[in-house]
1. For the pairs K97/K125; K97/K173; K125/K198; K11/K40; K40/K145, note any where the Cα-Cα span goes beyond 22 Å.
2. Return the whole-Å distance between the Cα centroid of the stretch 20-83 and the Cα centroid of the stretch 144-172.
3. How many percent of the accessible area of the chain is carbon or sulfur, using a 1.4 Å probe?
4. If you take every residue apart from G49 with its C-beta less than 11 Å away from the C-beta of G49, what net charge results, scoring Lys and Arg +1 and Asp and Glu -1?
5. List the relative contact order of the chain as a percent without decimals, with contacts defined as Cα pairs under 8 Å and 6+ residues apart.
6. Which value, in Å², gives the accessible area per residue of the chain when a 1.4 Å probe is used on the protein heavy atoms?
7. With r as the distance between the Cβ atoms of R121 and E83 and R0 = 35 Å, compute the FRET efficiency 1/(1 + (r/R0)^6) and round to 0.05.
8. When the gyration tensor of the chain is built from Cα positions, what are the square roots of 5 times its three eigenvalues, in whole Å, from largest to smallest?
Amino acid sequence: MTESLTFAVPKGRILEELQPLLLRAGITPEPDFFDDNSRKLQFATNIPGLSIIRVRSFDVATFVAFGAAQLGVAGSDVLMEFESPELYAPLDLRIGKCRISVAEPKNLAGSSDASRLSHIRIATKYPHITESYFARRGIQAECIKLSGAMELAPGLGLAQRIVDLVSSGATLKANGLVEVEKIADVSSRLIVNRTAFKTRNAELSEWVARFKEAVDGAKAG
């Protein structure tokens, strides 16, 4: 009897970009999966034994790293922050493109050179990435961890700068902030539990190949 497979996907904007790739890879979830109002978290698919769970982006990495899901989709920002040896990311899906950057209040931009500082307070949901980035420059980053509304932090005196995902920059601009340094470009990756990849190599390699074809087909289209 074939073991079941669980595929973890993130909620929100990435899921919208992922849906065409799922279909190209031959996965058709049950109708509730496409219903934003559905409270279900696990969905059947047209593939016997394959189900999809819809969770928060950071939780995708947790489910896959601990083997509760064998496959998943996570941003490279999540992988950089999570840094688990159990996560194998064989494929860039070329969706969810943005960048992780440092931003500060517009009225301070250019007036303070971060390279001259020895300590800085930063609001972010990426403390590991932030601390590592500034440590390489000899700066101690004191991270205030927030799950959202990072843009409020400088104006309310919580932190001098923020580190967050930036796409168009419109949210920064609307809150009086400007992007001053790019830490890394970000895109979504297909991830696999490393232990499962060893024990179920043929099966999971087939899914990696299907998604590669789907990505290449989307690029060609």
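1. Numbers: K97/K125 18 Å; K97/K173 19 Å; K125/K198 32 Å; K11/K40 12 Å; K40/K145 29 Å.
Exceeds cut-off: K125/K198; K40/K145.
2. 28 Å
3. On the way: 5800 of 11530 Å².
On the chain, the fraction of accessible area on carbon and sulfur atoms equals 50 percent.
4. Values: positive: none; negative: E3, E203.
Net local charge, G49 excluded: -2.
5. Relative contact order, the chain: 27 percent.
6. Values: 11530 Å² over 221 residues.
Ligands and nucleic acids excluded, the figure is 52 Å² per residue.
7. Numbers: r = 23 Å, r/R0 = 0.66.
The calculated FRET efficiency here is 0.95.
8. Values: eigenvalues 264, 66, 46 Å².
Taking √(5λ) for each Cα gyration eigenvalue gives 36, 18, 15 Å.
The values are calculated or read from the model by the stated rules, or taken from the named source; none is laboratory data. What you are looking at is a predicted structure, and each value in this text was computed from that prediction instead of being measured. Cβ coordinates were reconstructed from backbone atoms using ideal geometry, including for glycine residues, and neighbour counts include every protein chain displayed. All accessible areas refer to the heavy atoms of the entire protein, side chains included, with ligands and DNA or RNA removed. Shrake-Rupley method; radii C 1.70, N 1.55, O 1.52, S 1.80 Å.
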